[in-house]
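Some notes on the structure that comes next.
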Amino acid sequence: MDVPRIIIAATQSGSGKTTITSGLIAAYKSRGLDVQAFKVGPDYIDTGYHEIASGRPAHNLDSWLVGREKLGGIFLSALKTRTIAVIEGVMGLYDGGAAGVGSTAEIARILNAPVILVVDAKSMGASAAAVALGFREFDKSINIAGVILNRIGSESHAKIIRDALDAIGMKCLGAVRRNAEFALPERHLGLVPTAENNFAVTLEKIRATVTEQIDLDAILEIANAASPLDFKINRAEKIPATCRIGVARDAAFNFYYGESLSVLESFGAEIIFFSPLEDDLPEVDGLIIGGGFPEMFAAELERNKKIRATIRAAAETGLPIFAECGGFMYLLDSIADFSGNVFEMCGVIGGRAIMTDRLQMVGYVDAEILSDCAIGRAGDKIHAHEFHFSTAEFPDDKSIFNCTRLRTGKNYRAGFAEKNIVASYLHIHFAGCPNAAKNFVDACTRYRESHR
């Protein structure tokens with residue numbers, strides 16, 4: 001399958017990958033091209049920026065969460081008739097978990113995709129070329145096809161670096177001028193989700209700048225030269241719905257992988273979206289509350305007393321509930337925000353979440369299920385990811401996972417399970433653990449049969 005594709009990587013986090021990638025997507029779309037966006041790694045937020053730029057859902061490519069062997073098929077199944085795939089990398093090009101798992105470089109190898117390296121050239125001259133040279137020589141299996149210079153101060157600044165890049169035989173595909181208006185809003189977990197900012201207005205300015213200051217034709221030529229791909233596409237046929245699963249989705253809870261929800265549908269789930277901020281709980285046979293920012297909307301979540309009481313009562317009846325990170329926090333008795341203010345939550349799990357001023361955990365995790373539960377049986381293994389600033393304190397040790405950090409090998413117990421509830425700080429992708437999806441749908445179907 002011929003797939004024009006390009007990866008936008010960087011030397012390090014904060015180099016401007018998301019800004020450049022979103023600008024490229026919007027610029028190609030304005031030319032009439034059909035663009036499909038992807039994000040390397042587990043990040044939920046950057047894909048929201050891509051979706052505004054492309055006008056269609058973006059997808060994650062994570063070799064740990066879904067597995068190397070499935071990643072190519074997921075990539076091709078998302079493309080359909082797309083003219084070009086634009087893939088944003090994660091962190092620096094070679095950064096990832098242990099042995100580089102999940103890194104942009106690993107995805108570039110799997111997809112045999114050319115890489116454009118974004119270099120933040122602020123406060124650098126010819127040294128920017130030395131940095132690019134080091135990245136090219138570090139791993140020659142990676143095809144670094146050119147460089148985009150970001151945060152350039154002047155034309156003379158750009159010329160110094162262009163000349164240095166010419167000397168090492170590296171193409172300069174663009175030099176984007178420094179512009180404070182392009183700074184995307186950030187907070188403790190990275191960029192602020194697009195649901196909370198007016199990115200569409202900023203995007204138009206970024207698109208115009210990218211069109212003027214980046215060689216779109218040269219990058220398209222590089223993308224078109226990518227070699228054909230041959231991956232098996234596993235498109236599971238949806239079966240008639242056997243249960244209705246409510247999925248919390250609003251400004252407080254929006255960390256979901258589209259492909260992950262599709263796996264639930266392939267096993268017979270009908271997905272019903274609702275808002276814990278504004279709605280009551282719809283008539284469902286199971287509940288998924290994903291990650292997000294409940295700490296930023298704690299007062300509003302506390303105000304919706306009706307849904308909190310409904311969720312608590314449903315949990316008592318044995319309603320299957322799967323909650324990740326922010327969803328886990330929401331099920332606790334309370335959340336203490338960054339200022340120490342305490343807000344009541346659902347009270348499904350006795351305990352409280354406390355926001356801290358430092359990162360508590362970030363990284364890939366190998367999780368073993370300790371006892372039979374709504375998503376699996378004792379001994380089942382799941383690949384997961386953690387990223388949170390809060391700690392959870394609850395008196396009863398009902399841990400459901402035995403976790404091992406991929407990078408350090410540190411072992412710890414985590415999460416909570418009782419009745420049909422499974423909740424923890426872990427984020428998983430059902431495409432990487434389809435048995436967990438099937439087990440949860442089966443649990444919801446059994447609940448429906450016994451309660452409807």
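Structural remarks
- Taking only protein heavy atoms and a 1.4 Å probe, the accessible area of the chain is 48% carbon and sulfur.
- When each of the peptides 112-120, 244-252 is scored by how many other beta carbons lie within 10 Å of its residues on average, the order from highest to lowest is 112-120, 244-252.
- Crossing angle, helix 305-316 versus the chain [Cα axis fit, 0-90 degrees, rounded to tens]: 70 degrees
- For the chain, cysteines whose Cβ has no other cysteine Cβ within reach (under 4.7 Å): CYS172, CYS325, CYS346, CYS373, CYS403, CYS433
- Dividing the helix sum by the residues of the chain, where each DSSP H run of 4 or more adds -39500 (n - 2.57), gives a mean residue ellipticity at 222 nm of -9500 deg cm²/dmol.
- Sequence-distant residues sharing a close amide H with ALA175 (under 5 Å, placed H): LEU149
- Scaled radius of gyration (Cα, divided by 2.2 N^0.38 Å) that the chain gives: 1.01
- With the whole protein complex present, PHE430 retains an accessible surface near 10 Å², based on a 1.4 Å probe.
- By accessible area with a 1.4 Å probe, ligands and nucleic acids excluded, highest first: order of HIS59, HIS429: HIS59, HIS429
- Positive-end extreme of charge dipole, the range 50-169 - chosen from ALA105, ALA158, GLY72 (charges on Cβ): GLY72
- Put a plus charge on the Cβ of each Lys and Arg, a minus charge on the Cβ of each Asp and Glu, and nothing anywhere else: the dipole of the range 84-239 about its Cα centre is then about 100 debye.
- Here the relative contact order of the range 77-219, from alpha carbon pairs under 8 Å that lie six or more residues apart, stands at 17 percent.
- For the range 1-67, a crude dipole built from +1 on the beta carbon of Lys and Arg and -1 on the beta carbon of Asp and Glu, taken about the Cα centre, is about 180 debye to the nearest 20.
- Rounded tilt (10° steps) of 155-167 against the dominant C-alpha axis of the chain: 80 degrees
- Solvent exposure of ARG31, expressed as accessible area, is near 120 Å², computed with a probe of 1.4 Å over the protein chains only.
- Accessible area expressed per residue, the chain, with surrounding protein chains retained (probe 1.4 Å, Å²): 41 Å²
- Residues in the range 31-47 carry Karplus couplings, in order, of 7, x, 7, 8, 10, 10, 9, 9, 10, 6, x, x, 4, 8, 7, 4, 4 Hz; the curve used is 6.51 cos²θ - 1.76 cosθ + 1.60 with θ = phi - 60°, and Gly or Pro positions show x.
- Ratio Rg/Rh, restricted to the range 129-201 and using Cα atoms, in which Rh is the Kirkwood radius: 1.10
- DSSP-defined antiparallel bridges as percent of all bridges, the chain, nearest 5: 45 percent
- Dipole-positive endmost among ASN224, LEU301, ALA252 within the range 151-303 (Cβ charges, Cα centre): ASN224
- The distance separating the Cα centre of the range 323-390 from that of the range 94-145 comes to 34 Å.
- Ordering ASN197, HIS59, VAL147 by Cα displacement along the dipole of the chain toward the positive end leaves VAL147 in first place; charges were set at the Cβ atoms of Lys, Arg (+1) and Asp, Glu (-1).
- Charging the Cβ of each Asp and Glu at -1 and of each Lys and Arg at +1, and nothing else, the dipole of the chain about its Cα centre rounds to 660 debye.
- Taking every DSSP bridge with both residues inside the range 269-376, close to 35 percent are antiparallel.
- For the chain: relative contact order, % (alpha-carbon pairs under 8 angstrom, 6 or more apart): 14 percent
- Counting heavy atoms of the protein chains alone, GLU106 has an accessible area of about 10 Å² for a 1.4 Å probe.
- DSSP beta bridges confined to the range 303-452 are antiparallel in about 80 percent of cases.
- Relative to its Kirkwood radius, the Cα radius of gyration of the range 59-116 gives an Rg/Rh of 0.95.
- On Cα atoms only, tilt of 17-30 relative to the major axis of the chain in degrees: 80 degrees
The values are calculated or read from the model by the stated rules, or taken from the named source; none is laboratory data. The shown structure was predicted, so the numbers you read here are calculated from the model rather than taken from an experiment. Cβ atoms come from the backbone with ideal geometry, glycine included; neighbour counts cover every protein chain shown. The accessibility values were calculated without ligands, DNA or RNA, using every heavy atom of the protein model including side chains. Shrake-Rupley method; radii C 1.70, N 1.55, O 1.52, S 1.80 Å.
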